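**Q** The following block contains the structure, expressed as structure tokens.
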Amino acid sequence: MTVRDILILPDKRLRLESKPVAKIDAAVRQLVEDMFETMYEAPGIGLAAIQIGEPKRIVTMDLAKKDEPRAPQVFINPELVSTSCDKNTHEEGCLSIPEYYEEVERPARVKVRYIDLDGQPHETEAEGLLATCLQHEIDHLNGVLFIDHISKLKRDRVIKKFAKAAKLGKQPGNRAAE
Ligand code: NI
């Protein structure tokens, strides 16, 4: 397993639309292992493959609390089947936009269809943190970032800050720069 570099805003690859996984082979399993290694090391609770530069529709997640055993989850080709009309607001962050947090309003409950690492199809209903994370990560697969859901004023401000940092070669929150 390898810890991979995480793409940071304003890396253009974060805006790519990821392609569905056609076949779960050794390369996909290797990628999933690298994603978990990278996500745990960051540390983060969710990661989309594009965040390590792989435009494939794969999401890894672990919502276990610090004192709980690890609970890794993999979602391959995840799709939102339906979303509730009622909304929920959660403070979100993103490993590709380090140390920036903002409240985002999204549907409170979602129904998601995906396949697991054995190729088995699943359909699940989610609420709370899982619903938020699934929507955040599925957004990544479509080239959408959580800052696209906040006000233009706030979004422009954070994009400007990260563009400036990238120009100076210092990404905010990047370990190498600390
Ligand atoms: Ni993210």
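**Q** So if I check each of 163, 71, 108, which one is over 24 Å from residue 5 (Cα atoms) and more than 16 Å from the ligand (Cβ to nearest atom)?
**A** Exactly one of 163, 71, 108 is over 24 Å from residue 5 (Cα atoms) and more than 16 Å from the ligand (Cβ to nearest atom), namely 108.
**Q** Now a separate question. Can you name every residue in region 15-36 that is outside any loop (DSSP other than H, G, I, E, B) and within 15 Å of the ligand (Cβ to nearest atom)?
**A** Listed by number, the residues that qualify are 15, 35.
**Q** Scan 67, 118 and give me the residue that is modelled with pLDDT under 95, out of contact with any strand residue (DSSP E or B) (no Cβ under 8 Å at 6 or more places or on another chain) and not aliphatic (A, V, I, L, M).
**A** The conditions single out 67.
**Q** I've got another one for you. Among residues belonging to region 37-68 that are part of a helix (DSSP H, G or I) and buried (at least 18 other Cβ atoms within 10 Å of the Cβ), point out the one that is nearest to the ligand (Cβ to nearest atom). Can you show your working first?
**A** Step one: list which residues in region 37-68 are part of a helix (DSSP H, G or I), which gives 37-41, 49-52.
With buried (at least 18 other Cβ atoms within 10 Å of the Cβ) added as a condition, the list becomes 38-39, 49-52.
Numbers: 38: 13, 39: 10, 49: 12, 50: 10, 51: 7, 52: 12 Å.
Looking at the filtered set, the residue picked out is 51.
**Q** Return only the number of the condition from (1) under 14 Å from the mean Cα position of the chain (by Cα); (2) away from the ligand (no atom under 13 Å from the Cβ) that residue 168 does not satisfy.
**A** All conditions are met except number (1).
**Q** With the structure loaded, tell me whether residue 114 is within 13 Å of the ligand (Cβ to nearest atom), open to solvent by less than 50 Å² (accessible area, probe 1.4 Å) and aromatic (Phe, Trp, Tyr) or whether it fails that test.
**A** For residue 114, the condition - within 13 Å of the ligand (Cβ to nearest atom), open to solvent by less than 50 Å² (accessible area, probe 1.4 Å) and aromatic (Phe, Trp, Tyr) - is not met.
The values are calculated or read from the model by the stated rules, or taken from the named source; none is laboratory data. As the structure is a computational prediction, the values presented were derived from the model and not from experiment. As a convention, Cβ positions derive from the backbone with ideal geometry for all residues, glycine included, and neighbour counts pool all protein chains shown. Ligands, DNA and RNA are excluded from the accessible area calculation, which covers all protein heavy atoms including side chains. Shrake-Rupley method; radii C 1.70, N 1.55, O 1.52, S 1.80 Å.
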